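S.K.: Okay, here's the structure, questions in a sec.
The values are calculated or read from the model by the stated rules, or taken from the named source; none is laboratory data. Note that this is a predicted model, so its numbers are computed, not measured. All Cβ positions, even for glycine, are placed from backbone atoms using ideal geometry, and neighbour counts span all protein chains on display.
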Amino acid sequence: MLIDEKGRLFGKINVVDFVVIAVIVLAVLGVGYKLLSSSTILFKKAEIFEIVFYNEVLINEVADSINEGDMV
């Protein structure tokens, strides 16, 4: 049975304690998500960079497959 005669969930933890712990965990996860999604470098807008390749020996197929404006 899920709740025993003493009101404990699985006979181990009180239902009220479980709800309080669940609310605290969800609040911590929500705050962490909000902090990470708003101001970290991983989630900032993409910037455009110019990449120049310098190589004396380059296979023609590789050189022909790279075009100006390609996304890297």
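S.K.: Pairs please, first residue from the range 18-30 and closer than 20 Å to GLY7 by Cβ, second anywhere and surrounded by 11 or more Cβ atoms within 10 Å (Cβ to Cβ), Cβ atoms under 6 Å, 6+ apart in sequence or on different chains.
M.R.: Pairs that qualify, where the first residue is closer than 20 Å to GLY7 by Cβ and the partner is surrounded by 11 or more Cβ atoms within 10 Å (Cβ to Cβ), are PHE18/LEU9.
S.K.: Based on what the data block shows, is GLU61 at pLDDT below 80 and among the acidic types (Asp, Glu)?
M.R.: Judged against the criteria, GLU61 is not a match.
S.K.: Could you grab the pairs with beta carbons closer than 8 Å, sequence gap of 6+ or different chains, first residue in the range 53-72 and assigned to a loop (DSSP other than H, G, I, E, B), second one at pLDDT 75 or above?
M.R.: PHE53/ILE66; VAL72/ILE51
S.K.: What residue, among those in the range 22-45 that are loosely packed, with under 10 Cβ neighbours inside 10 Å and not in a loop (DSSP other than H, G, I, E, B), is modelled with the highest pLDDT? Talk me through it step by step, then tell me what you get.
M.R.: If we filter the range 22-45 for residues that are loosely packed, with under 10 Cβ neighbours inside 10 Å, which is where we start, we get 38-45.
Within this subset, residues satisfying the condition of being not in a loop (DSSP other than H, G, I, E, B) are 38-39, 41-43.
On the way: SER38: 64, SER39: 59, ILE41: 55, LEU42: 54, PHE43: 51.
Looking at the filtered set, the residue picked out is SER38.
S.K.: Here is a follow-up. When the range 6-21 is examined, which residues are found to be outside any helix (DSSP H, G or I) and either on the phi > 0 side of the Ramachandran plot or surrounded by 11 or more Cβ atoms within 10 Å (Cβ to Cβ) (or both)?
M.R.: Here is the first cut: in the range 6-21, the residues outside any helix (DSSP H, G or I) are 6-14.
Answer for the range 6-21, where residues must be outside any helix (DSSP H, G or I) and either on the phi > 0 side of the Ramachandran plot or surrounded by 11 or more Cβ atoms within 10 Å (Cβ to Cβ) (or both): GLY7, ARG8, LEU9, PHE10, GLY11, ILE13, ASN14.
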